[in-house]
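Written below as structure tokens is the structure these notes are about.
Here, each number is a calculation from the coordinates, and none is a lab measurement. Note that the structure is a prediction, hence the values are computed from the model and not measured. Cβ placement follows ideal geometry from the backbone for every residue including glycine, while neighbour counts extend to all protein chains displayed.
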Amino acid sequence: MALQAFSLHPSALSSHKQGKANVGLKESAYLGFHLSGHVEPHVWPLLRQSKRSNGLTGIRAQTTATASPAISRAPHEGKKMLRKGNVVITGASSGLGLATAKALAESGRWNVVMACRDFLKAEKAAKSVGMPKDNYTIMHLDLASLDSVRQFIGNFRRSGMPLDVLVCNAAVYFPTAGEPTYTADGFEMSVGVNHLGHFFLARELIDDMVRSDYHSRRLIIVGSITGNTNTLAGNIPPKAYLGDLRGLSGGLKETAGSPMIDGGKFDGAKAYKDSKVCNMLMMQEFHRRFHEETGITFASLYPGCIATTGLFREHIGLFRTLFPPFQKYITKGFVSEEDAGKRLAQVVDDPSLTKSGVYWSWNKHSASFENQLSEEASDAQKARKVWDLSEKLVGLA
Ligand code: NDP
Ligand code: PMR
């Protein structure tokens, strides 16, 4: 009940120095600083339109690896550091999201807005990892309900904070489910939360990012290796495959044909991998539609196999026991939550990772590099179709 109240009012913010943070942010926002690469106000209305660019920028094959500095380095671009950045991270109550929130909050350069479905869990999580309380805010967001996304957007806007970076991180995974479950709007849950909820959120908040005066605005959508069939991990059945999108066009409802994007029989593991393909496709489609005119950086990433997170909570016990040592000693793809958090924090904050349209990965020396997406996950035509269908489903078209 208490949570419900949080979701309905501007007071859905936690109170950590909110007022204090706002004063500073509002002041800086109205001081009239305008930094290079920013969009003039006349461009804002354009962003409402569903613009398509023909200048497709392909994701490049693996290129030079650049060792990225740790998040704890000295503040960069000193002259431009006018204020703390505001970064919204969805699903920051555990795993990768929490570790990223902690890394950014500890850097002192960020106010982290933890956008979480369980307010009290988020509060406990932030305290348990010792996040400096002046550097974070918690706001309620349940991606399984478009109404909740709308409320979050309203609450965020009422807070007066500019939006500088949005990280679409939250996800659910139902590998053992025999039957699909559905969001409040009737979409199959994995694609509904991981893709459609985030798509709606990001599509709406782009306008807010355009208005930000921050020197480097970024939209980051977390992807994964398992959605990429050009890798060994992506070839473990069931493989991601969106097909002709007939299930998505039916709204992912059993009654309209199928809860799966490709129109097939429900498979929880495949639905998750399909949702990750959508995440990676949408990052590139955002890039094509908005990068040139807004200067916003759009990026996705595979942070490594964080085998210990809550993502696997629905998996059988044996899997949860064997998966971490399997990834640590056999595939060597294992990464701790802390290290994965530092990687995602780099994509948020590192001045050398401003290139847009990139899917970042890290090599065994923990150096970031631009990775190559699978054929399907880089299919521009499919991306456009997923975008158009998703806009219809979330009521934006
Ligand atoms: P976790 O389960 O630890 O974190 C997922 C977060 O999403 C949790 O905070 C969870 O909230 C939140 N969440 C779930 N449903 C909703 C919802 N309806 N509304 C709002 N928030 C929600 O998993 P990870 O940290 O592993 O996953 C984070 C991201 O990393 C995901 O995008 C995942 O696909 C990606 N990833 C993970 C890998 C791994 O090996 N673990 C590898 C590659 C990518 P709550 O705490 O309330 O449950
Ligand atoms: Mg996979 C280099 C090999 C590699 C990597 C990096 C991963 C990552 N996995 C690899 C290999 C294998 N996996 C192999 C050889 C097998 C067969 C034994 C295997 C199996 C497996 C299962 C059953 N792997 C899995 C599962 C899951 O349920 C996880 C999943 O698909 O979640 C969607 C998973 C994962 N393997 C990974 C990563 C990163 C995951 C989980 C997280 C994700 O993609 O978001």
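Side notes on the structure shown:
- Considering region 290-311, the residues that are part of a helix (DSSP H, G or I) and surrounded by 22 or more Cβ atoms within 10 Å (Cβ to Cβ) include one that is farthest from ligand 2 (Cβ to nearest atom), namely Thr294.
- If the condition is being part of a helix (DSSP H, G or I) and either within 11 Å of ligand 1 (Cβ to nearest atom) or within 15 Å of Thr226 (Cβ to Cβ) (or both), then region 312-327 contributes Phe312, Phe319, Phe323, Pro324, Phe326, Gln327.
- Checking the stated criteria, Gly243 turns out to be away from ligand 2 (no atom under 16 Å from the Cβ), under 30 Å from Thr331 (Cα atoms) and more than 14 Å from the chain's Cα centre (by Cα).
- Output for region 260-279, where each listed residue is under 14 Å from Pro237 (Cα atoms) and in a helix (DSSP H, G or I): Gly268, Ala269, Lys270, Ala271, Tyr272, Lys273, Asp274
- When restricted to residues that are within 11 Å of Ile261 (Cβ to Cβ), assigned to a helix (DSSP H, G or I) and out of contact with any Cys (no Cβ under 9 Å at 6 or more places or on another chain), region 180-191 contains 1.
- Of all residues in region 96-148 being within 13 Å of ligand 1 (Cβ to nearest atom) and polar (S, T, N, Q), the one that is nearest to Ser275 (Cα to Cα): Ser145
- Within region 236-256, tally of residues that are away from ligand 1 (no atom under 16 Å from the Cβ) and either in a helix (DSSP H, G or I) or exposed (fewer than 15 other Cβ atoms within 10 Å of the Cβ) (or both): 9
- Subset tally (residues that are among the small types (Gly, Ala, Ser), surrounded by 24 or more Cβ atoms within 10 Å (Cβ to Cβ) and within 28 Å of Ser356 (Cα to Cα)) for region 126-178: 2
Condition check ((1) touching a strand residue (DSSP E or B) at 6+ places or on another chain (Cβ under 7 Å); (2) farther than 23 Å from Ala202 by Cα) across all residues:
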{"site": "Gly310", "(1), (2)": "no, yes"}
{"site": "Val335", "(1), (2)": "yes, yes"}
{"site": "Gln346", "(1), (2)": "yes, no"}
{"site": "Gln372", "(1), (2)": "no, yes"}
{"site": "Lys382", "(1), (2)": "no, no"}
{"site": "Val386", "(1), (2)": "no, no"}
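- Residue, farthest from ligand 2 (Cβ to nearest atom), within region 98-130, restricted to residues that are of a type in the set (S, T, N, Q) and out of contact with any helix residue (DSSP H, G or I) (no Cβ under 6 Å at 6 or more places or on another chain): Ser107
- Residue within region 317-331 that is on the phi < 0 side of the Ramachandran plot, within 23 Å of the chain's Cα centre (by Cα) and buried (at least 16 other Cβ atoms within 10 Å of the Cβ) present: no
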